[in-house]
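See below for the structure under consideration.
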Amino acid sequence: ADVNLDEVYAFAINLAREAGKRILEGSAKRHQTAATLDNPNTKKNRVDLVTETDQAVEAYIKDSIAQTYPDFCFIGEESYAGGERVELTDEPTFIVDPIDGTTNFVHGLDFVCCSIGFTYKQEPVIGVIYNPFLDKLYSAQQGKGAFLNESTRLPLTHPNPAPLASLGDAVIGVEWGSDRSKAIIEKKGKMYMRLAGDGKEIEGGVMAHSLRSIGSAALNYSYVAAGQLDLYFEIGCWSWDVCAGTGIAREAGGKVYGRGGKPWSPQDLMGHHFFVVRAIADAPDGSETGEQAQDRIAKEF
Ligand code: IPD
């Protein structure tokens with residue numbers, strides 16, 4: 001298929017705004033289908049929440065795409081939960097999370113968004129993330145820059161990304177995720193202790209400026225793109241949480257890494273290990289490029 005990326009980009013921006021309206025409307029009944037132990041709307045477990053609005057917004061997005069782009073592939077969180085399995089191929093593919101930050105949505109916290117990613121030949125070439133509660137839209141098309149509300153270039157310091165001397169100076173996005181097994185929570189807990197803790201008392205302690213748990217993978221990527229978070233790390237989320245964010249963060253000069261800090265490859269989108277570092281300024285004395293600084297910070301992590 002021949003794909004007009006400018007058109008798809010405009011379509012995705014419009015779709016995200018329309019989805020945002022429906023998310024706002026749905027927030028009045030956000031409790032109604034909140035998960036309880038025996039609620040069938042719970043996916044993996046009691047904390048992996050899904051509401052009627054997640055499903056309705058995904059259905060709306062999926063139908064709109066099918067009408068405009070009937071030949072394009074679709075990967076969506078709720079369709080996956082309903083049993084649909086789609087591999088990532090070279091075909092044009094929308095990868096969508098109707099509501100990222102569902103726990104925030106249910107609890108009335110503002111960090112909620114609709115995330116619309118688009119891959120072509122497996123590359124995330126378009127990303128649109130819209131937070132209707134804060135009316136902030138993050139978007140990017142490959143090679144054309146990343147923007148806030150379609151007008152402000154990202155990072156917000158563009159064209160001069162801020163320096164970042166070390167991991168100790170960073171604000172790091174982390175998440176608890178929905179896997180609460182001992183193995184996972186112990187591993188994350190130890191890691192967060194090391195990142196937050198004072199190295200004088202805690203072995204390997206980095207004592208970073210702080211850790212933030214925003215509750216939406218897509219918004220974590222958006223804040224990294226904006227330069228407001230320095231890094232974001234997560235094990236356990238899915239392609240629909242990160243596809244749009246990957247496109248936006250990269251276009252804003254951020255660097256994404258594959259599992260274990262390896263170079264990123266498109267199939268990493270379909271895994272569950274994600275790590276991204278914001279754009280960093282080149283050292284003024286020419287001793288290190290921004291990309292070298294990103295790799296150094298990634299290693300320090
Ligand atoms: C979740 C959020 C959360 C992350 C989880 C995701 P959802 O997505 O992005 O920040 O920690 O791994 O599943 O369920 O709100 O769409």
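The values are calculated or read from the model by the stated rules, or taken from the named source; none is laboratory data. The shown structure was predicted, so the numbers you read here are calculated from the model rather than taken from an experiment. Counting neighbours? That spans all protein chains shown, and the Cβs are built from the backbone with ideal geometry, glycine included.
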Checking Ile214 against (1) closer than 16 Å to Glu175 by Cα; (2) crowded, with 24+ Cβ neighbours inside 10 Å; (3) touching a Gly at 6+ places or on another chain (Cβ under 7 Å): exactly one of these is not met. Which one?
(2)
Being of a type in the set (Asp, Glu), in a strand (DSSP E or B) and in contact with a strand residue (DSSP E or B) (Cβ under 9 Å, 6 or more places away or on another chain) narrows Asp110, Asp97, Asp90 down to just Asp97
Picking from Leu137, Leu148, Leu211, the residue that is touching a Lys or Arg at 6+ places or on another chain (Cβ under 9 Å) and within 19 Å of Leu231 (Cα to Cα) would be Leu148
Is it the case, given these coordinates, that Gln294 is under 14 Å from Ile95 (Cβ atoms), in a helix (DSSP H, G or I), assigned by TED's automatic domain parsing to the domain that holds Gln228 and more than 13 Å from the chain's Cα centre (by Cα)?
no
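Regarding Phe105, is this residue closer than 23 Å to Val50 by Cβ, surrounded by 22 or more Cβ atoms within 10 Å (Cβ to Cβ) and not assigned by TED's automatic domain parsing to the domain that holds Arg278?
Numbers: closer than 23 Å to Val50 by Cβ: yes; surrounded by 22 or more Cβ atoms within 10 Å (Cβ to Cβ): yes; not assigned by TED's automatic domain parsing to the domain that holds Arg278: yes.
The answer is yes for Phe105.
Can you tell me which residue within the stretch 63-78, out of those that are among the polar types (S, T, N, Q) and farther than 15 Å from Leu5 by Cβ, is farthest from the ligand (Cβ to nearest atom)?
To start, the set of residues in the stretch 63-78 that are among the polar types (S, T, N, Q) comprises 64, 67-68.
Filter again for farther than 15 Å from Leu5 by Cβ, leaving 64, 67.
On the way: Ser64: 19, Gln67: 24 Å.
If we take residues in the stretch 63-78 being among the polar types (S, T, N, Q) and farther than 15 Å from Leu5 by Cβ, then Gln67 is farthest from the ligand (Cβ to nearest atom).
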So Arg212 passes all but one of these: (1) more than 14 Å from the ligand (Cβ to nearest atom); (2) farther than 26 Å from Glu84 by Cβ. Which condition number does it fail?
(1)
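Against the definition (part of a helix (DSSP H, G or I), within 13 Å of the ligand (Cβ to nearest atom) and either within 20 Å of the chain's Cα centre (by Cα) or at pLDDT 95 or above (or both)), how does Ser178 come out, yes or no? Walk me through it before giving the result.
Working: part of a helix (DSSP H, G or I): no; within 13 Å of the ligand (Cβ to nearest atom): yes; either within 20 Å of the chain's Cα centre (by Cα) or at pLDDT 95 or above (or both): yes.
It is false that Ser178 is part of a helix (DSSP H, G or I), within 13 Å of the ligand (Cβ to nearest atom) and either within 20 Å of the chain's Cα centre (by Cα) or at pLDDT 95 or above (or both).
Among Gly261, Gly245, which is the only one that is more than 16 Å from the ligand (Cβ to nearest atom) and either in the same structural domain as Arg194 (by TED's automatic domain parsing) or more than 27 Å from Thr89 (Cβ to Cβ) (or both)?
Details: Gly245 fails: more than 16 Å from the ligand (Cβ to nearest atom).
Exactly one of Gly261, Gly245 is more than 16 Å from the ligand (Cβ to nearest atom) and either in the same structural domain as Arg194 (by TED's automatic domain parsing) or more than 27 Å from Thr89 (Cβ to Cβ) (or both), namely Gly261.
Collect the residues in the stretch 86-97 that are surrounded by 19 or more Cβ atoms within 10 Å (Cβ to Cβ) and more than 8 Å from the ligand (Cβ to nearest atom), keeping them in residue-number order. Walk me through it before giving the result.
Taking the stretch 86-97 and keeping what is surrounded by 19 or more Cβ atoms within 10 Å (Cβ to Cβ), we get 92-97.
Those that are surrounded by 19 or more Cβ atoms within 10 Å (Cβ to Cβ) and more than 8 Å from the ligand (Cβ to nearest atom): Pro92, Thr93, Phe94, Ile95, Val96.
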Exactly one of Asp63, Asp71 is surrounded by fewer than 16 Cβ atoms within 10 Å (Cβ to Cβ) and assigned to a helix (DSSP H, G or I), and that one is Asp63
Go through the residues of the stretch 218-232 one by one and say whether even a single one is touching a strand residue (DSSP E or B) at 6+ places or on another chain (Cβ under 8 Å), among the β-branched types (Val, Ile, Thr), within 11 Å of the ligand (Cβ to nearest atom) and assigned by TED's automatic domain parsing to the domain that holds Thr289.
no
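Residue under question is Ser115, and the condition is that it be within 16 Å of the ligand (Cβ to nearest atom), more than 13 Å from the chain's Cα centre (by Cα), among the small types (Gly, Ala, Ser) and not in a helix (DSSP H, G or I); does it hold? Walk me through how you get there before you give the answer.
On the way: within 16 Å of the ligand (Cβ to nearest atom): yes; more than 13 Å from the chain's Cα centre (by Cα): no; among the small types (Gly, Ala, Ser): yes; not in a helix (DSSP H, G or I): yes.
No; evaluated as a whole, the condition is false for this residue.
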